[in-house]
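First the structure, in the form of structure tokens, and then the observations on it.
The values are calculated or read from the model by the stated rules, or taken from the named source; none is laboratory data. Everything quoted here is computed from the prediction, not taken from an experiment. Because the Cβ atoms are built from the backbone with ideal geometry, glycine has one as well, and the counts that use them run over all protein chains shown. For the accessible areas, the whole protein counts, side chains as well, though only heavy atoms, and no ligand, DNA or RNA atoms are used. Shrake-Rupley method; radii C 1.70, N 1.55, O 1.52, S 1.80 Å.
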Amino acid sequence: MTAAHRSRMKIALITLGCPKNLVDAEVMLGLLDEAGHTLVASPEGADLAIVNTCSFIASAVAESTEVVAGCLELKRSGRLGGVLVAGCLPQRYGEDVFAMLPGVDGVVGCSDVAEIAEAVEALGSGASVTAVHEPLFLYDHTTPRVLGTPDHIAYVKISEGCDNRCAYCMIPSIRGRLRSREVASVRAEVEDLIDAGVREVNLIAQDTTAYGTDIAPQGSVVELLAELDRTDIDWIRILYTHPAHLSDDVIGAVAALDSVVPYLDIPIQHVADHILDTMGRGTDGAHIKALLSRVRDRVPDIWIRSSVIVGFPGETEEDFRELRDLVGSGVIEHLGVFEFSPEDGTRAALLPDQVPREVASERARDLIALTESLAKARGKALAGRRLTALIDDVAPEGITGRHAGQAWELDGVIHIPLASGVERGDMVDVEVTGPRDFDLEGRIALSGRNRL
Ligand code: SF4
């Protein structure tokens, strides 16, 4: 990148991967905006494109390198000034990113999100940048942020890093040790978000149920939920719990606290004992089954999201059938299905009895088809039911919203015919009319209250 580039730039930031990476991108946008740069939507014609990458599994690495390669093509054709690779790809591969993607001007790990303005300044002066260190960064309520979600929704990262050591997972080596924020800082951030018009906050971390176990005096997600429930937020949603750490107190808080929606994301990964043991999940099938039914017993109208890995080394047809039977029982409403990915640097990649890829793919297809048929049956069963929906979009072709059991960009939406007086961010009563694949269809309920 030539020194000719002026100190204040037009910068496009593309973010990939999970909501935790999205929050890092929002922080980088906040810091660059504060530094006086102009934030633009497209890399075409920009002075600099920042690609905030993901690298936890091979397919994410492939997507990240493809997006960066696209930006490098723009640079080569003179339609973009420079390319900075940020996030988990440089955090995992460090300076090797320059060799993986010739033409990249700089790399900034998720360790150095807070130094993004300085990195851009250095690039602007023609220097090459490599900012990858031990991942210790953790934002707080004073960190500038430009939301990448619709104005009425926000992710709130309550902790970063992970002290669990699941055999297949690279995240602890990329994101570092668990580090939780103070309850007061999370509350202050939520208060600011409410003032900015946010109605739904999604609490995120690598393991939200480990929140506060690393700080003294020890905090807990139960304490945090009670504190946030005292604010005027409409919806609090908990994502990324861990089945081995999801206590009855947390379940009780979800059941009791008004603003905590009846929704829990509980990634079980599998249910066969020897698979869970080899994965290092710290729990077993009996515990998981008992936990799921306990959650259903204690929280009326609960919606459970989960994710599973098929094709993990040693997984037999019988193990898969046990998992399929659990899913088939309908105890989980929303399911993410992943094929095992042998990641260099993980214990699982070195395990014997690796499952052939085509077998893993077949099992994944089977579970996804099963989940879809269950979703359609659930949609039919909901017909006539009245639910409160948070409106996400109002367009000429119709309205889309979500009930409390649908997380944004994860669990589908409710499609609603256009109706006057309904706007993004409204809470309205909707009568479900039936399924549309993984989604629902509905209409504004007559005499429905519009909770502006
Ligand atoms: S809980 Fe396990 S799967 Fe999740 S980030 Fe931590 S090590 Fe990875």
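Structural remarks
- The stretch 213-224, subset open to solvent by less than 50 Å² (accessible area, probe 1.4 Å) and more than 16 Å from the ligand (Cβ to nearest atom), residue farthest from ALA407 (Cα to Cα): ILE215
- Any pair with Cβ under 6 angstrom, 6 or more apart, that starts in the stretch 169-190 at a residue that is touching a residue at least 12 places away in the same chain (Cβ under 8 Å) and acidic (Asp, Glu) and ends at one that is in a loop (DSSP other than H, G, I, E, B) and within 9 Å of the ligand (Cβ to nearest atom): none
- THR283 being farther than 20 Å from TYR211 by Cβ and of a type in the set (Val, Ile, Thr): no
Let's see how each residue does on (1) aliphatic (A, V, I, L, M); (2) closer than 30 Å to SER259 by Cβ; (3) at pLDDT 95 or above:
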{"site": "HIS334", "(1), (2), (3)": "no, yes, yes"}
{"site": "GLU339", "(1), (2), (3)": "no, no, yes"}
{"site": "PRO342", "(1), (2), (3)": "no, no, yes"}
{"site": "ALA383", "(1), (2), (3)": "yes, yes, yes"}
{"site": "GLU409", "(1), (2), (3)": "no, yes, yes"}
{"site": "ALA419", "(1), (2), (3)": "yes, yes, no"}
{"site": "VAL428", "(1), (2), (3)": "yes, yes, yes"}
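- Within the span defined as the stretch 70-79, one or more residues are over 21 Å from the mean Cα position of the chain (by Cα) and open to solvent by less than 20 Å² (accessible area, probe 1.4 Å).
- Restricted to the stretch 251-263, and to residues there that are of a type outside the set (Gly, Ala, Ser) and farther than 16 Å from ASN202 by Cβ, the residue that is farthest from the chain's Cα centre (by Cα) is ASP258.
- Being within 27 Å of ASP439 (Cα to Cα), at pLDDT 95 or above, buried (at least 19 other Cβ atoms within 10 Å of the Cβ) and within 16 Å of the ligand (Cβ to nearest atom) is a property that holds for ILE309.
- Complete set of residues in the stretch 337-367 that are surrounded by 15 or more Cβ atoms within 10 Å (Cβ to Cβ) and under 23 Å from the mean Cα position of the chain (by Cα): VAL337, PHE338, GLU339, PHE340, SER341, PRO342, GLU343, THR346, ALA364, LEU367
- Filter result (more than 16 Å from THR241 (Cβ to Cβ) and among the hydrophobic types (A, V, I, L, M, F, W, C)) within the stretch 277-332: MET279, ALA286, ILE309, VAL310, PHE312, PHE320, LEU323, LEU326, VAL327
- Restricting the stretch 322-336 to residues that are assigned to a loop (DSSP other than H, G, I, E, B) and within 23 Å of the chain's Cα centre (by Cα) leaves a set whose member that is surrounded by the fewest Cβ atoms within 10 Å (Cβ to Cβ) is VAL331.
- Considering only residues in the stretch 225-256 that are more than 20 Å from ALA210 (Cα to Cα) and in contact with a helix residue (DSSP H, G or I) (Cβ under 7 Å, 6 or more places away or on another chain), the one that is most open to solvent (accessible area, probe 1.4 Å) turns out to be ASP232.
- For first residues located in the stretch 275-298 and farther than 22 Å from PHE340 by Cα and of a type outside the set (A, V, I, L, M), partners that are within 14 Å of the ligand (Cβ to nearest atom) and not in a helix (DSSP H, G or I) and lie 6+ apart or on another chain with Cβ distances below 9 Å form the pairs HIS287/PRO243; HIS287/ALA244.
- Residues (of a type outside the set (D, E, K, R), open to solvent by 30 Å² or more (accessible area, probe 1.4 Å) and assigned to a loop (DSSP other than H, G, I, E, B)) located in the stretch 407-426: TRP408, LEU410, VAL413, PRO417, LEU418, ALA419, SER420, GLY421
- Qualifying residues in the stretch 166-191 (those that are within 16 Å of the ligand (Cβ to nearest atom) and polar (S, T, N, Q)) - the one least open to solvent (accessible area, probe 1.4 Å): SER180
- One residue stands out in the stretch 225-246 among those that are of a type outside the set (Asp, Glu), away from the ligand (no atom under 16 Å from the Cβ) and in a loop (DSSP other than H, G, I, E, B): the one that is nearest to SER307 (Cα to Cα), namely ILE233.
- Residues being assigned to a loop (DSSP other than H, G, I, E, B), away from the ligand (no atom under 14 Å from the Cβ) and open to solvent by 40 Å² or more (accessible area, probe 1.4 Å) - total across the stretch 257-287: 2
- Some residue of the stretch 193-212 being open to solvent by less than 10 Å² (accessible area, probe 1.4 Å), within 21 Å of LEU178 (Cβ to Cβ), hydroxyl-bearing (Ser, Thr, Tyr) and assigned by TED's automatic domain parsing to the domain that holds MET170: yes
- Pick from the stretch 154-165, criterion open to solvent by 20 Å² or more (accessible area, probe 1.4 Å) and touching a residue at least 60 places away in the same chain (Cβ under 8 Å), ranking: farthest from the ligand (Cβ to nearest atom): ARG165
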